[in-house]
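Just so you know, all these numbers are worked out from the coordinates, no wet-lab data involved. The model shown is predicted, which means the values in this text are computed figures rather than measured ones. Here Cβ is always computed from backbone atoms with ideal geometry, including for glycine, and neighbour counts include all displayed protein chains.
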Amino acid sequence: MKTLRLRGQKEIPRLGQGTWRMGEKSSQRQAEVTALKLGIDLGMSLIDTAEMYGEGGAEEVVAEAISGCRDEIYLVSKFYPHNASYEGLIKACD
């Protein structure tokens, strides 16, 4: 897997799994968790999510999928514009 070197010499994968449209339907939750876990098992250690994906539902799917392996996963997230302050960002990512 190709990586990208960040300023602090940390390397992250250039390719990851996206979660847009996940967490919208409870009937799909187990399939979504399974898909993310399969990706992790296959070496996909970067997951992209956002608080607006499924109004937080995607983040819940991700939390379940990475349970037990959080330290090996890079999470990339986005937040609503109304949370674009230091305090709002911390709250949105909590």
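Candidate values [x] 13, 36, 30, 16, 5, 0; [y] 15, 51, 28, 6, 0; [z] 16, 44, 34, 6, 0 were compared with P(r) over Cα pairs in 10 Å bins from 0, in percent computed on the shown model; the agreeing label is [z]. In this structure the amide hydrogen of residue 18, modeled in the peptide plane, comes within under 5 Å of the amide hydrogens of 48, none closer than 5 places in sequence on its chain. Modelled spin labels at residue 2 and residue 64, positioned 7 Å past Cα toward Cβ, are 3.4 nm from each other.
For residue 79 and residue 11 in the same chain, what is the full-extension length gain: residue separation times 0.36 nm, less their Cα-Cα distance, in nm? Spell out each step's value before the answer.
On the way: separation 68, 0.36 × 68 = 24.48 nm, distance 2.33 nm.
Value of the extension gain: 22.1 nm.
For the chain, the number of Lys pairs separated by eight or more positions or lying on different chains, with C-alpha atoms closer than 22 Å, is 7.
The protection proxy used here, the mean number of other Cβ atoms lying within 10 Å of each residue, ranks peptides 42-51, 10-19, 80-89, 64-73 as follows, highest first: 42-51, 10-19, 64-73, 80-89.
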